[in-house]
1. Can you tell me which residue within region 230-267, out of those that are in a loop (DSSP other than H, G, I, E, B) and over 32 Å from the mean Cα position of the chain (by Cα), is surrounded by the most Cβ atoms within 10 Å (Cβ to Cβ)?
2. Please state which of the following conditions Val68 fails to meet, knowing it meets all the rest: (1) modelled with pLDDT of 90 or more; (2) in contact with a Lys or Arg (Cβ under 7 Å, 6 or more places away or on another chain); (3) buried (at least 16 other Cβ atoms within 10 Å of the Cβ).
3. Hey, any hits in region 134-145 for a residue that's modelled with pLDDT of 90 or more, out of contact with any helix residue (DSSP H, G or I) (no Cβ under 8 Å at 6 or more places or on another chain) and either buried (at least 16 other Cβ atoms within 10 Å of the Cβ) or part of a helix (DSSP H, G or I) (or both)?
4. So which residues in region 66-106 are over 20 Å from Met124 (Cβ atoms) and assigned to a helix (DSSP H, G or I)?
Amino acid sequence: MRQHQKARTFEEEPISWWSWRPGIKPRNALIIGGLLSFVALMLASLGLITLALGIVDSVSQPLIVPGVVTEHIANSFDGQPRLRIRLHTAGFPDEILPVVTDAVFHAIHDNDAVLLNYSQNLHMLYALQSNGQRYTLAASETAGIYFGAVVLLLFGMALLCYPLVLANWGWRDLYRQDEHVKRRVMTATVVGLRAALQTRAGRPGLTPRPVRSWYGVALCPTDGSADKQTLTFAISEEAHKSLHRGDIVHVTYSPHLHYVYALEHVE
């Protein structure tokens, strides 16, 4: 009777079902977290290297590449004036179409020899030289490269946070030396049950996608093995159907991911 009164008391309190601890197998958490951490590190490293090379290029002498103007394109698809320039230098494309200003478009003629100013490391084209004059391009790639590098760096750092924690939780739940630390046992009262059903229909065809559901249980500890706070766990459909509010259960779970190894009723 006392346990049922406690269960009714908890029914009146809101239960937060959202948690940072996903309740998945420690091995899966280690694999998923490790792979996502690797991808995040690659993105952040790429952004950092690009940003560093861009800064070095900004204080370095330009790389001079000769070329010949073969055509003026005034009515391109974006409405901007362009020059078709042919190159004959290894490591660079055979032909480029840089956007130029109207003054450069009229100052340089077909068959004129030009010198293209590229950055040393990133090979960004930012200026042309012709007949002793230097012309800055209308749309330099420098600003776009810097912006993309910063976005990659910040996105990689933001993406790294949770997968790294997830991999760490999986590692600690798997490879703890002390078995009592790897698995935690708690006697608790069932104070809430939840079934989140997927409402979107499966994909039609020869191999339709199955509809999945998520089942959860909220437990309030009744012994001194854990803090007196409600904990939520992901459980199987069979376990969900066998439980009712007010039931007393023994639960064995991993301390960091909250993966349920066993859930048994107390006789």
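1. Among residues in region 230-267 that are in a loop (DSSP other than H, G, I, E, B) and over 32 Å from the mean Cα position of the chain (by Cα), the one surrounded by the most Cβ atoms within 10 Å (Cβ to Cβ) is Asp247.
2. Among (1) modelled with pLDDT of 90 or more; (2) in contact with a Lys or Arg (Cβ under 7 Å, 6 or more places away or on another chain); (3) buried (at least 16 other Cβ atoms within 10 Å of the Cβ), Val68 violates only (3).
3. From region 134-145, those modelled with pLDDT of 90 or more are 134; that's our starting set.
Then keep just the ones that are out of contact with any helix residue (DSSP H, G or I) (no Cβ under 8 Å at 6 or more places or on another chain); that gives 134.
Narrowing the set further to residues that are either buried (at least 16 other Cβ atoms within 10 Å of the Cβ) or part of a helix (DSSP H, G or I) (or both) leaves none.
No, that holds for no residue.
4. Asp102, Ala103, Phe105, His106
The values are calculated or read from the model by the stated rules, or taken from the named source; none is laboratory data. As the structure is a computational prediction, the values presented were derived from the model and not from experiment. Neighbour counts are summed over all protein chains in view; Cβ atoms, including those assigned to glycine, are modelled from backbone coordinates with ideal geometry.
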